[in-house]
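Notes follow the structure.
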Amino acid sequence: MSLNVIGVGVGRTGTYSLKLAINQLGLGPCFHMEEVLKNMAVQVPLWSEALQGRADWETIYKGFTGAVDWPTAGFFRELLKKYPTAKFVLTERSPESWADSFGSTIFKLVAGKDKAPPEMRAWLDMAEAVIAWTGFPPDLDREGLMEAFVAHNRAVRECIPSNQLLVFEVRQGWEPLCDFLGTPIPAEEFPRSNDRGEFWDLVNAGA
């Protein structure tokens, strides 16, 4: 089993909605940070190894044909090399709205990791390291976050061949995604999920 669709937008750009959409189109199952939360004992060491340049992609993504969100988004260069025929989706939003959403969810969660339950700290350490690896160290202010967000998206565009890359905002709905992936447009509405409240529900479910 190999990855065919890879989301390379960072967290808080509609990655959970994209995960649901990929599954709904029959191109999943799709890997998301939620899978790491569900299986921390196995996944956290694997991603920690990936940060050291020893990624075992087959084991990380075993049973999955799609992947989105962090940690995946931090390794777009490596994943292009590993899966050279995959299609890549860069989820975007305005830098301002992204920085506000990220700052009130993921950044806040990682900043408070010392107060987290002990069983979640290794996951949070790994998440912080992956986010920093992607270009978002923990000392960035709002302006710095916006600059890093723009820089990540630019790096993705420069790295991935244009015929393999869709730059996508989830508010655009099914049509551009389905055109890119070569699938029929579903009758159902495009999934909208993981607002800020749902983010905390997902995290607390993993605790």
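The values are calculated or read from the model by the stated rules, or taken from the named source; none is laboratory data. Keep in mind that this is a model prediction, so the values were computed, not measured. With ideal geometry, Cβ positions are generated from the backbone for all residues, glycine too; neighbour counts draw on all protein chains shown.
Values for this structure:
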read-out	value
From PHE149, PHE136, PHE180, PHE168, residue being surrounded by 14 or more Cβ atoms within 10 Å (Cβ to Cβ) and over 16 Å from the mean Cα position of the chain (by Cα)	PHE180
Residues of the stretch 87-105 satisfying the condition of being buried (at least 17 other Cβ atoms within 10 Å of the Cβ) and either part of a strand (DSSP E or B) or polar (S, T, N, Q) (or both)	LYS87, PHE88, VAL89, LEU90, THR91, SER101, THR105
Hey, ALA111 out of contact with any His (no Cβ under 6 Å at 6 or more places or on another chain), free of Cβ contacts under 8 Å to residues at least 40 places away in the same chain and surrounded by 17 or more Cβ atoms within 10 Å (Cβ to Cβ) or not	no
Every residue from the stretch 183-195 that is surrounded by 11 or more Cβ atoms within 10 Å (Cβ to Cβ) and either of a type outside the set (S, T, N, Q) or modelled with pLDDT under 95 (or both)	ILE185, PRO186, PHE190, PRO191, ARG192, SER193, ASN194, ASP195
Test: residue in the stretch 56-63 that is touching a helix residue (DSSP H, G or I) at 6+ places or on another chain (Cβ under 8 Å) and closer than 21 Å to VAL167 by Cβ	no
LEU80 more than 25 Å from MET146 (Cβ to Cβ) and either assigned to a loop (DSSP other than H, G, I, E, B) or in contact (Cβ under 8 Å) with a residue 60 or more places away in the chain (or both)	yes
Residues of the stretch 106-126 classified as small (Gly, Ala, Ser) and assigned to a helix (DSSP H, G or I), total	2
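A quick yes/no check of all residues on (1) at pLDDT 95 or above; (2) among the small types (Gly, Ala, Ser); (3) more than 13 Å from ARG142 (Cα to Cα):
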residue: LYS62; (1), (2), (3): yes, no, yes
residue: ALA67; (1), (2), (3): yes, yes, yes
residue: TRP70; (1), (2), (3): yes, no, yes
residue: ALA86; (1), (2), (3): yes, yes, yes
residue: PRO95; (1), (2), (3): yes, no, no
residue: THR105; (1), (2), (3): no, no, yes
residue: VAL110; (1), (2), (3): no, no, yes
